[in-house]
Amino acid sequence: MHLTQPLALLTAALDLQRPFSSPSAAGITFTLRHEHAQSPSGRVVFSDVPSSSSLLQHSYTLSTRTIKTARPQSIDAFHRARRRAQNIPWETPEVEAPDPNSRSTLLTLAKMTNNAYLQPNETGWYELGDDWTVGYPFGWEPDQDGFRGHVFVSADNATVVLSIKGTSMGVLGGGGPTTKKDKQNDNLLFSCCCARVDWTWTTVCGCYGGGWKCDAECVEASLQDDTLFYPIATNLYSNLTYMYPHANIWLTGHSLGGALASLLGSTFGSPTISFESPGDALPASRLHLPLPPSLSHITHIFHTADPIAMGTCTGVLSSCALAGYALESRCHLGVKVVYDSVGELGWAVDIRTHGIVAVIEKLLSKPWTELGGKTDFGPDGTPAIECYSWEFASASASANSSAIVRR
């Protein structure tokens, strides 16, 4: 979610403390090649940046590291396994990936996600300087109201970065034509049961069964709609691999965009850096994504004052619910880097700390160690109880059937 109001409460910055691995001596330099947006029919539309454009005169460098990832041997086999709930064989190649131990690299990726929300003349747009590719708006026309982002390509076509826009929340100062579809995707992906918070809510699918019962198969089927962002994102990724068949693709995004980047990273084995994402393990399960043996190529960056990433923006009186969002998932895929902004800096838990501007200006502007901050680093190994009060069953199961499970 992109919050454009000033974040006066935020007063500190951070750096990563523990190295993931030794970064490569030389980074990779990128220039902007393509824009992408979703048409009303759900088709992903690419637009080349004109060769005469001044945008191609700028470039920037990201530090890299070598990692071992996991990707399906065949994407067709992956989707067959999704339908049949089967395991599949995985390849484990070594690839170059963005180095999350480099604060400047994280800052670069965070600015890429920020500018996906804005037009160049809007307040909050980052002028990136001569070493950056300056993007310009796309998908802001009235008939382009869905999936948005930027595509960056290295000079040798060997590496592609896909940056995905998150939620534009009009209630809190953002907005725009994508707000309605952003909210629909949020409430389908991250709610327990079709955004059923209480009796006053209009659900986003017909799976609520009364009381605290929910039809699990119905929820899973609702996530298969081709107009939702995950299917559109996989289509976009396939287009990129067609255009750059030998390229290494990296993924990044903020909030909803970060979760989509992570789901794509799980699907295709691409190195992923996600900022302030809601818990993405629940939607991955409901999408029946076969998970690889390791998800260490996916890194979630967030801090403890953000109730959305922490999974605490719940309940009928929460800021999320008051804005109409049921963001109830908690667990993240892959590796998490959590900055204790509450314990170390004394921040209050506040939805206004969720915005990507807070990450850029207050978490990445200076080394975290200058403030003596401590960071929780590692796999998301603390099991969170997802939707503990709900009972999930198929429509054909009886009320006392063993098919009722806790999620």
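Every read-out reported here was derived from the displayed coordinates using simple, explicitly stated rules and does not represent laboratory data. Treat the numbers as computed from the prediction; the structure is a model and nothing was measured. All Cβ positions, glycine included, derive from the backbone under ideal geometry; neighbour counts span all protein chains shown.
Among C218, C192, sorting on how many other beta-carbon atoms sit within 10 Å of each Cβ, with the fewest leading, yields C218, C192. Note on A323 and E91: the extension gain reaches 79.3 nm, defined as 0.36 nm multiplied by sequence separation minus the Cα-Cα distance. When each of the peptides 312-320, 251-259, 156-164 is scored by how many other beta carbons lie within 10 Å of its residues on average, the order from highest to lowest is 251-259, 156-164, 312-320. Semi-axes of the equivalent ellipsoid of segment 320-364 are 20, 16, 11 Å, computed as sqrt(5λ) over the eigenvalues of the C-alpha gyration tensor in descending order. What pairs in K336/K362; K68/K366; K165/K366; K68/K336; K111/K362; K181/K336 have C-alpha atoms more than 22 Å from each other? In this structure, K68/K366; K165/K366; K181/K336 lie more than 22 Å apart at Cα. Using a simple spin-label model with pseudo-atoms 7 Å out from Cα toward Cβ, S285 and D198 lie 2.7 nm apart.
Largest first and in whole Å, the equivalent-ellipsoid semi-axes of segment 251-294 read 16, 12, 7, each the square root of five times a Cα gyration tensor eigenvalue.
The orientation-averaged projected area of the convex hull spanned by the Cα atoms of segment 166-253 comes to 7.6 nm². Each principal axis of the Cα cloud of segment 213-365 was taken in turn, and the coordinate range along them, longest first, works out to 47, 43, 27 Å. Length available on full extension from N157 to I75: 0.36 nm per residue minus the Cα-Cα distance, which gives 27.3 nm.
Values of log10 I(q)/I(0) for segment 228-270 across q = 0.20, 0.28, 0.30, 0.31 Å⁻¹ run -0.58, -1.05, -1.15, -1.19, by the Debye formula with one identical scatterer at each alpha carbon and no solvent. Once the chain from T66 to R84 is taken as fully extended at 0.36 nm per residue, the excess over their C-alpha distance is 3.1 nm.
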